[in-house]
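Derivation of every value follows stated rules applied to the coordinates shown; laboratory data play no part. The structure displayed is predicted, hence computed values, not measured ones. With ideal geometry, Cβ positions are generated from the backbone for all residues, glycine too; neighbour counts draw on all protein chains shown.
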Amino acid sequence: MMDYLASPYLLLLKNRLDLKKIPFSDRGSRLLVFHDNHHLSIRLAERWFKREGQLSAYRQRPPIVDIFQFIDEEGNPLPFEVTTYPHCLVFHTVIGIFTMIFLDTETLMVMLPQGKCGVSFKALLDKATPDRRGGVLRLTGEIRRNFAYTTNAKILCHSIASEGTEAHRIYLSMETGENSALVLNITPRLGFNRYIPDANAMIEIAAKKWHEWFAAAPSVESQYQQQYYFAWWVMGAGLISTRFYTTREAMTPSKVHYVGVWQWDAYFHAVAYRHVNSRLAQDQLRILLDHQRDDGMIPDAVHDEGTVTHLTFPVEADVTKPPLIAWAAWKLFEKDNDREFLNEIYEPIVRWNNWWFEKNDLNKNGLCEYLHPFSSGLDDSPLWDEGVPVESPDLNTYLCMQQDYLSRIAREIGEMPASAMWAKRAKAMVKHMQRLMWDESAGIFWALKDGQPVRVHTPFNLYPLITGCLPKKICQRLVTHLTDPNQFWPRFPVPTVALNDPKYNPIQMWRGPTWVNVNYLLIEGLKNSGYDAIASQLRRKTLELIAGHDDIYEYYHPETGANPPKAASVFGWSSAIYIDLAITASREAA
């Protein structure tokens, strides 16, 4: 029988969770445990828009449990050294070891050393009631959260003191024996989990769960393993359980920075999940289709409280994300050969594709425009500096790809006339882009605003390469731009604005940093267009970039590889892309 506590995966990731930028969390959980100056805090990965009136207020919201300290029998705070693993936190103090695990998505268990010890903490809830095994606190009003703390140890001293209108300070001193524990349950539900199981058995179960998650992943070469299994931790710990509009277990872009399900992030997440769990991969697409509008539009994002389909800033318009769902669905099919899933989603994708051409081809020239900058996913790109609508090469490349993959899907499910129609439409879009966007003198495809070129150099000017349908002469011009060290080929390509463009800023989101989802699509485009060697170079550089840090970030400095100050940590699609590229590189090397 395997000793899961000695799992090589758990040992490989020892101390990878720094508890500063990388919190302790678990699959499906909304609880994030951080550490600072010998105390812990527990934050909630939840939006409370109805209460706070801001989309991202959770990033600044105080922890629901703060200044959580271990104390000795005199009530003195205990300094500790913490060792982190995916399945547990081990706190070493002068009186013994405290160990923390997840019992379930809403419940933490702390195993206590034998003797006399305790805990103290501050809870941001407005009602508190002690009882014989601990206490119950509640946050009332429009947003309700409940918190129960429960121990099977003998309570020596227990006090709850009010600190303002929505905070209480708790002090709990205990005499502990073998298998004594403290359970912390934070929930939006009326009922609590106050049952205390055998602590040692629960540690083994937690270790087993994470071991099996890592063991299900395809093996990769040793040079990739350290970051590969950390990326799989991100893809496991970043999942949130179902709640209200969150109709499926789904991956957040980052539990710390982006709580919810964003459309095009979900497609890249699905690409990684297809290697371990077909249903989980499919559900990343289903959750978006669950909220498809009657007119065919798929929301920009899905949150517990609702969906994002319309914004009033920086312009007022419907907002969505790039149409990559058919591309993602085909990648899943190549892995699992699940034709029934293609049958399930074919018609919703057709309605989604029709929405683009019915609502976003304003001049009826066969190419579509972005009507809101955020629909591109490239929120602050200089492509939108002159305003919208903009006919952009990236959008029309995505639509060309979508119709190509709709053709493949239709053929696979027996819709042969539709398959031929979609293939014809995809080829027509390539011709439209060549006719209207291609600049022979510059050797790139321009984005167009009011029919005039938006003269900023971005990799999105090169995106038609991804179709694999361009004449060789045009492909070569695009690849020459891509591999120019003064434009898009610095140490860590591909910058989102060319290095020699006046608007290049290597630390501002989409105005210069390298985003690895852009690289992933360009790697695919290079292979589609016959540039396998350059595709391999870009894959190697991308793997090297992501592996250069203990964490995995939203975007990177293209010249140094550093993470810019505002780049989100524990980032989903960067992790997903590392996983897929590492698997591909390892298989090619075998």
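What about L12, is it over 22 Å from A567 (Cα atoms), surrounded by fewer than 18 Cβ atoms within 10 Å (Cβ to Cβ), of a type outside the set (D, E, K, R) and under 25 Å from the mean Cα position of the chain (by Cα)? When the stated conditions are applied, L12 passes them. Would you check if T151 is surrounded by fewer than 21 Cβ atoms within 10 Å (Cβ to Cβ), touching a residue at least 24 places away in the same chain (Cβ under 8 Å) and under 30 Å from W210 (Cα atoms)? When the stated conditions are applied, T151 does not pass them. Scan segment 540-590 residue by residue and report those that are of a type in the set (A, V, I, L, M), in a loop (DSSP other than H, G, I, E, B), crowded, with 20+ Cβ neighbours inside 10 Å and at negative phi. Scanning segment 540-590 gives I552, A567, A568. I need the full set of residues from segment 499-516 which are over 12 Å from P564 (Cβ atoms) and either touching a helix residue (DSSP H, G or I) at 6+ places or on another chain (Cβ under 7 Å) or crowded, with 22+ Cβ neighbours inside 10 Å (or both), in order please. Residues satisfying the conditions are K503, V516.
Among the conditions (1) of a type outside the set (S, T, N, Q); (2) free of Cβ contacts under 8 Å to residues at least 40 places away in the same chain; (3) surrounded by 20 or more Cβ atoms within 10 Å (Cβ to Cβ), Y520 misses just one, which is (2). Considering only residues in segment 431-459 that are touching a residue at least 60 places away in the same chain (Cβ under 8 Å) and buried (at least 22 other Cβ atoms within 10 Å of the Cβ), the one that is farthest from D394 (Cα to Cα) turns out to be V456.
Quick one: is N505 among the polar types (S, T, N, Q) and out of contact with any strand residue (DSSP E or B) (no Cβ under 9 Å at 6 or more places or on another chain)? The answer is yes for N505.
Of all the residues in segment 177-224, those that are in a loop (DSSP other than H, G, I, E, B) and not hydrophobic (A, V, I, L, M, F, W, C) number 15. Exactly one residue among D380, D404, D394 is touching a helix residue (DSSP H, G or I) at 6+ places or on another chain (Cβ under 9 Å), in contact (Cβ under 8 Å) with a residue 24 or more places away in the chain and not in a helix (DSSP H, G or I), and that residue is D380.
Here's the yes/no breakdown for (1) touching a Pro at 6+ places or on another chain (Cβ under 7 Å); (2) more than 17 Å from W422 (Cβ to Cβ):
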site: E305; (1), (2): no, yes
site: V308; (1), (2): yes, yes
site: E316; (1), (2): no, yes
site: W327; (1), (2): no, no
site: I345; (1), (2): no, no
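L19: surrounded by 15 or more Cβ atoms within 10 Å (Cβ to Cβ) and on the phi > 0 side of the Ramachandran plot, yes or no? So L19 passes the test.
Keeping to segment 236-256, report how many residues are surrounded by fewer than 22 Cβ atoms within 10 Å (Cβ to Cβ) and either within 17 Å of I546 (Cβ to Cβ) or among the aromatic types (F, W, Y) (or both). So the count comes out to 2.
Which condition breaks for T242 when tested against (1) of a type in the set (V, I, T); (2) out of contact with any helix residue (DSSP H, G or I) (no Cβ under 6 Å at 6 or more places or on another chain); (3) under 26 Å from D18 (Cα atoms)? All conditions pass for T242, except number (3). Within segment 55-92, being of a type in the set (S, T, N, Q) and either touching a Cys at 6+ places or on another chain (Cβ under 7 Å) or within 30 Å of T307 (Cβ to Cβ) (or both) holds for S56, Q60. Here segment 479-496 is the region considered, the condition is being under 19 Å from E554 (Cα atoms) and more than 22 Å from the chain's Cα centre (by Cα), and the residue that is surrounded by the fewest Cβ atoms within 10 Å (Cβ to Cβ) is R491. Segment 108-151 holds strands (runs of 3 or more DSSP E) entirely within its bounds, and those carrying 2 or more residues that are closer than 17 Å to G191 by Cβ and of a type in the set (D, E, K, R) map to 127-131.
Counting the residues of segment 378-408 that are surrounded by 24 or more Cβ atoms within 10 Å (Cβ to Cβ) and more than 27 Å from the chain's Cα centre (by Cα) gives 1.
The set of residues from segment 253-295 being touching a helix residue (DSSP H, G or I) at 6+ places or on another chain (Cβ under 7 Å) and small (G, A, S) comprises S254, A266, A270, A272, S278, A281. Against the list (1) surrounded by fewer than 23 Cβ atoms within 10 Å (Cβ to Cβ); (2) touching a residue at least 24 places away in the same chain (Cβ under 8 Å); (3) not aliphatic (A, V, I, L, M), the condition W232 fails is (1). Against the conditions (1) surrounded by fewer than 16 Cβ atoms within 10 Å (Cβ to Cβ); (2) touching a residue at least 60 places away in the same chain (Cβ under 8 Å); (3) within 23 Å of D104 (Cα to Cα); (4) over 31 Å from the mean Cα position of the chain (by Cα), G177 satisfies every one except (3).
Looking at segment 240-357, the helices (runs of 4 or more DSSP H) lying wholly inside it that each contain 3 or more residues that are farther than 24 Å from I466 by Cα sit at 278-289.
So which of P323, P314 is touching a residue at least 24 places away in the same chain (Cβ under 8 Å), loosely packed, with under 15 Cβ neighbours inside 10 Å and either under 23 Å from G260 (Cα atoms) or under 20 Å from the mean Cα position of the chain (by Cα) (or both)?
One residue alone meets the criteria, P314.
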